[in-house]
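Chemist: Got a structure here, written out as structure tokens. Questions coming.
The values are calculated or read from the model by the stated rules, or taken from the named source; none is laboratory data. From a predicted model like this one, the values you see are computed outputs, not experimental measurements. Every residue, glycine as well, gets a Cβ built from its backbone with ideal geometry; the counts of neighbours run over all protein chains shown. These area figures cover heavy atoms from the full protein model, side chains too; ligands, DNA and RNA do not enter into them. Shrake-Rupley method; radii C 1.70, N 1.55, O 1.52, S 1.80 Å.
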Amino acid sequence: MKKKISTDKAPAAIGPYSQGIETQDLIFLSGQIPLDPETMKLVDGDENQIRQVFKNVNALCEEAGLGLDHIVKLNVSLQDLSLFNSVNEIMKELFTEPFPARAALQVARLPLDSSIEVEAILSKSK
């Protein structure tokens, strides 16, 4: 079983992929960049970009009937690893223990030159 997850509260896919895919037990969210879903433009400023990307992830979680607390794994890609501490601080505001497993790495370039991209895997059970 494979079901598409889609919402206009997160940016539309800008390629041949789904915003998310639901399986029997897990949900896989495609990488989200800090686009404002209404304008499809990047928000300004590194902190705003980090916050927006998690707003987009949360919108997809909600579309699936879940929340950020259902995320079991995050992959965070940053154009500049100096944003690592800012990501940690914002994640402390949004997540509670047990925090999701996470990988964070610096990449050469992200779509539309955004500073961050985040993809997530959710478990339907907590």
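Chemist: Using 18 Å as the Cα-Cα cut-off, could you pick out the over-long pairs in K3/K73; K55/K126; K2/K124; K73/K124; K73/K126; K2/K126?
Modeler: Check vs 18 Å cut-off fails for K3/K73; K55/K126; K2/K126.
Chemist: On to the next question. Based on the Cβ-Cβ distance of M40 and E93, what FRET efficiency does E = 1/(1 + (r/R0)^6) give at R0 = 25 Å, to the nearest 0.05?
Modeler: 0.45
Chemist: Go ahead and estimate [θ] at 222 nm for the chain from helices alone: -39,500 (n - 2.57) per DSSP H run with n ≥ 4, summed, over the residue count, rounded to 500.
Modeler: Theoretical 222 nm ellipticity from helices: -7500 deg cm²/dmol.
Chemist: Given N residues in the stretch 8-64, what is its alpha carbon radius of gyration divided by 2.2 N^0.38 Å?
Modeler: 1.12
Chemist: If I compute solvent accessible area with a 1.4 Å probe over the protein chains, what percent of it on the chain is carbon and sulfur?
Modeler: On the way: 3470 of 7100 Å².
Answer for the chain: carbon and sulfur cover 49 percent of the accessible area.
Chemist: Let me ask something else about it. With a probe of 1.4 Å, find how much accessible area the chain has per residue, and write the answer as a whole number in Å².
Modeler: Details: 7100 Å² over 126 residues.
Heavy-atom accessible area per residue stands at 56 Å².
Chemist: Continuing with the same structure: Can you pull the Rg over Rh of the stretch 31-84, Cα-only, Kirkwood? Walk me through the numbers before you get to the answer.
Modeler: Details: Rg = 11.8 Å, Rh = 12.0 Å.
On the Cα set of the stretch 31-84, Rg over Rh gives 0.98.
Chemist: Taking Rh as the Kirkwood radius computed over C-alpha pairs, what is the Stokes-Einstein D of the chain at 25 °C in a medium of viscosity 0.890 mPa s, expressed in µm² per second?
Modeler: 169
Chemist: Which percent, nearest 5, of DSSP beta bridges in the stretch 22-126 are antiparallel?
Modeler: Taking every DSSP beta bridge with both residues in the stretch 22-126, the antiparallel ones total about 70 percent.
Chemist: Okay, next question. Of N85, P37, L26, which is farthest along the charge dipole of the chain in the positive direction, counting Lys and Arg as +1 and Asp and Glu as -1 at C-beta?
Modeler: My answer, from the dipole projection, is L26.
Chemist: Using a cut-off of 11 Å between beta-carbons, work out the net charge of the residues near K4 (Lys and Arg +1, Asp and Glu -1, K4 not included).
Modeler: My count for the surroundings of K4 gives 0.
Chemist: Also, I was wondering about something else. Probe radius 1.4 Å, ligands and nucleic acids left out: which of E38, E62 has the largest accessible area, and how do the rest follow?
Modeler: Putting E38, E62 in descending order of accessible area: E38, E62.
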